[in-house]
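What follows is calculated from the coordinates using simple rules that are stated; it is not laboratory data. Not measured: the values here are computed from a predicted model. Positions of Cβ are backbone-derived with ideal geometry, glycine not excepted, and every protein chain shown enters the neighbour counts.
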Amino acid sequence: GSFTQDVFIVSSGKVIVAIIGFLFVPILSRIYSPEAYGNFSLYSAFVAFFVPLFTFSFPSAFVVAKNDNLFYKLFSLSTILLLLSTAITFLIVLLLGDYIISVFNLAYETSILWLIPAGILINGFFNQLTSWNVRRKQFALSSSVAIGHNLLIRIFNLLIGILGRNISYGLIFGN
């Protein structure tokens, strides 16, 4: 499509994602406690910080790679860095988990540490695949995936919150 169509497709997808989130906020805020939102915020902060760091932000370069050979090399390098960094993060949690819990004053039953390596890995791969779609100019696919992804997250958050009484991990598991 044209540039204008592509911008419209991407913008429409982002608007729909925002509307989905907005519609679920009143429901989810009545299901989850402030503690659950605090755990989710801490988890999200760690994941959002480490994903670009661990992939060296190579997914951003996927779009501007001069040829497919360079793109595949960047994708492979980004994947290796992501896997290696996730393994190191897992080992840090394994070896220093108690220290980290004491520094952040977390309770064991509400600790999010074991979910952070998984979140980094999943979000890192998601970012890579999204950038791959942008490189291929698959804007409609990217928008559809973003909408479906966001809707599924909200539905899982809702179901986990309804079915799992007092579960502070529901927002994290849903994401």
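Quick notes on this one:
- Mean Cβ count within 10 Å, highest first, over the residues of peptides 124-132, 91-99, 145-153: 124-132, 145-153, 91-99
- The helix-only estimate of mean residue ellipticity at 222 nm for the chain, built from DSSP H runs of length n ≥ 4 each weighted as -39500 (n - 2.57), is -28000 deg cm²/dmol after division by the residue total.
- Relative contact order computed over region 1-145 (Cα-Cα under 8 Å; 6+ residues apart), in percent: 38 percent
- Estimated translational D of region 98-175 in µm²/s (Stokes, Kirkwood radius over Cα pairs; 4 °C; 1.567 mPa s): 89 µm²/s
- Taking every alpha-carbon pair in the chain and binning the separations at 5 Å intervals from zero gives 1, 8, 14, 16, 17, 16, 13, 8, 4, 2, 0 percent.
- Gyration tensor (Cα) of region 28-101, equivalent ellipsoid semi-axes in angstrom: 32, 18, 8
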